Amino acid sequence: MLDLATIVGTALKEHAYAAAYSRSRVPDAAALVASVEAQLADPSAVPAYSAASAPLTLVRFRCLLQDTGYPAEVYLPAGEDETGETDWAKLKERWVGWGVEIPGEQAWARGEHADDVSAALGKLDLDREPSAASAAVRAKWPLPEGRETYLGALVKVYDDVSFRPASAYTMLGLLSSAALPSPIDGDSEDTADLVPCIHVVAVPQVAYPAPAPAPPTRPAENAAAPVDDDVRAQLIGTLAAAFDPPDHTAATLLLLVLLSSPSVRPPALAPLGTLSLNLLRPALASAPSASLVSLLSALTPLVVPLPLSLALLHAHPFVPTATDAALAAGLLQLAPGTLVVVDEDHMGAGGQLDDAALRNLRALAETIEFQRTPYRYPYMDDLKMDAAVRALVVSEGKSILPMDVHLPVTLAATAPAPPAPQLAAYRSYLATHASPSHAAALVIPESTAMRIEDAFVAARQADGDGGLERAEATLRRRMRVARLVALSRGGELDAHAWEETVRLDEEIERRLRDREDRRRGSPIGQPAAQAASA
């Protein structure tokens, strides 16, 4: 990366020409470099970028890189043109992209508190002219809500780097403003949108997937205590309370969803390490999913509720689409590890889907099943990029989306969040056991592998004709669950983890059979959904 003094000097030089802050005073370069150096000694203390951030201050921006396709920007570093004669051989290139606040990131994950918000409001620059977001800026926010108010900025990195769309990083840099890149034949710089710009002064750090936190220090006499097992059991108990009556099977599967992530991507197959869950609630006797979403939002840092409806499918793009020199956002442009909670009850009685709605639905299905999100670029067909989202679907009937597990449940009317000390332990447990390093350490002993193989052979023989297909489907489902059960218990798929997997799967199958029996036993003229809720 370019040296700090040159980056600061370049930012100062370019800031002097920024019309949005023409009334601002440009500080002394040496003093600003010294100030930035001092703040970089403790990056965690650098203030978060917000609408109240002042120009030419060092900020921390946790962002999703929404558009990484701008051409490299040519610039003349500070100090090279002081004599008035420009040496064009000294021109350099920097990477430019558009970053947005991470969709679905919870305030607690950003380290925000009520006091922080009050302080930010107190620092608002009332002399600055408010400006509404332009159409080009609004189009770069993935979610249906918040397009007018989201936090975004151009990000300029003074290094030979490349980034993938929908990757998430923490950027430290000087805040200024710059023209939003526009098509070559389009607006000139004089008429282009002037937007916030962050000149990055330190190597960007990956925000998600978050690295595993350091293990807590324990007294020597308690070094071997099964702390993780205790936290796991308590967390399952907390999740179970989101159902009525408390449901430990559903809670365990929810836990596995929160730990899931694609760890291996076989060609043309669904990745290993993922698990999608469809909670089947009764039509007439179950609470809405809002309380469950609230509880999950207190536990995991990235949660996006998705009330799936015909109107949404027809009106909002799910797939990022390149237009001219920019990439318009799609709803599926989400950071790694985002939990998407789909509520299909908003689909109502259904209806006809046009081509755009069908493309959206297919894209959502492919992102969930294969963890690949389509991107639409001119002259590039069938371009897909790796995704890493977690999928939970709540519906009355079986989901229209491809799900690994369907489980009949009854949601509770309320799901209270646990106290702060427990929350901290739960979040630490989830961060550790969902980390890529933990998934990479999964161990399957040979004895367990042989036990699984013997069970598969026995199931195939017991079913007779057609037994092979059923046994293979059961094995695939159980192995998908078993990997995550093992990771939740420490990382080894031992006999205890496999036995728990079998018990879970048998309970799932029992509930589905009972649900189907109730539906078949519906009296003539009674809706099947009403019978299922009985």
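With θ set to phi - 60°, apply the Karplus curve 6.51 cos²θ - 1.76 cosθ + 1.60 along the stretch 43-60 and write out the HN-Hα couplings as whole Hz, x wherever there is a Gly or Pro.
x, 5, 8, 5, x, 5, 5, 8, 5, 8, 5, 7, x, 6, 10, 6, 10, 10
How many nm separate the modelled label positions at Asp87 and Ala462, each set 7 Å beyond the Cα in the direction of the Cβ?
8.1 nm
What is the Cα centroid distance between the stretch 407-453 and the stretch 32-78, reported in whole angstrom?
The two parts, judged by their Cα centres, are 36 Å apart.
Provide the per-residue ³J(HN,Hα) series for the stretch 501-507, in order, calculated from phi with Karplus coefficients 6.51, -1.76, 1.60 and θ = phi - 60°, each as a whole number of Hz, with x at glycine and proline positions.
So the J values, rounded to whole Hz, are 4, 5, 4, 4, 5, 5, 5.
How large is the Rg to Rh ratio of the stretch 403-503 when both quantities use alpha carbon positions and Rh follows Kirkwood?
Result for the stretch 403-503 is an Rg/Rh of 1.08.
Taking 0.36 nm per intervening residue step and subtracting the Cα-Cα distance, what contour gain separates Asp386 from Gln352 on full extension? Don't skip to the answer; put the middle values down first.
Values: separation 34, 0.36 × 34 = 12.24 nm, distance 3.00 nm.
Full-extension gain reported as 9.2 nm.
Given H placed on each backbone N at 1.01 Å, which residues far from Ala328 in sequence or on other chains put an amide H within less than 5 Å of it?
Thr321, Ala322, Thr323
Taking the convex hull of the Cα atoms, report for the stretch 242-370 its projected area averaged over all directions, in nm². Mind dumping the intermediate values first?
On the way: hull surface 40.0 nm².
The number I arrive at for the stretch 242-370 is 10.0 nm².
Taking amide H positions as placed 1.01 Å from N in the peptide plane, with prolines and chain starts having none, which residues 5 or more places from Leu411, or on another chain, fall under 5 Å of its amide H?
Asp244, Ala287
Structure shown: which of Lys90/Lys156; Lys156/Lys384; Lys92/Lys140; Lys90/Lys384 lie over 29 Å apart, alpha-carbon to alpha-carbon? Don't skip to the answer; put the middle values down first.
Values: Lys90/Lys156 18 Å; Lys156/Lys384 26 Å; Lys92/Lys140 27 Å; Lys90/Lys384 38 Å.
Going by Cα-Cα distance, Lys90/Lys384 fall outside the 29 Å limit.
Put Arg480, Arg520, Arg281, Arg503 in order of accessible area, largest first, 1.4 Å probe: what do you get?
Working: Arg480 45, Arg520 185, Arg281 25, Arg503 140 Å².
Descending accessible area places them as Arg520, Arg503, Arg480, Arg281.
Using r as the Cβ-Cβ distance of Ala455 and Tyr70, and R0 as 41 Å, what FRET efficiency do you calculate, to the nearest 0.05?
Numbers: r = 54 Å, r/R0 = 1.31.
After rounding, the FRET efficiency stands at 0.15.
At what distance in nm do the modelled label points of Ser35 and Val264 sit from each other, each positioned 7 Å from its Cα along Cα→Cβ?
With each label placed 7 Å out from Cα toward Cβ, I get 5.3 nm.
Tell me which residues come under 5 Å, amide H to amide H, from Asn278 once H is placed; ignore anything under 5 positions away on its chain.
Val393, Val405, His406, Leu407
Residue by residue, what Karplus-based ³J(HN,Hα) values in Hz, rounded to whole numbers, does the stretch 508-514 have, using 6.51, -1.76 and 1.60 with θ = phi - 60° and x for Gly and Pro?
Whole-Hz 3J(HN,Hα) from phi for the stretch 508-514: 4, 5, 5, 5, 5, 5, 4.
The values are calculated or read from the model by the stated rules, or taken from the named source; none is laboratory data. Worth saying up front: this structure is predicted, and the values here are computed from it rather than measured. Ideal geometry is used to build each Cβ from the backbone, glycine not excepted, and the neighbour counts take in all protein chains shown. Accessible surface areas use protein heavy atoms only, side chains included; no ligands, DNA or RNA. Shrake-Rupley method; radii C 1.70, N 1.55, O 1.52, S 1.80 Å.
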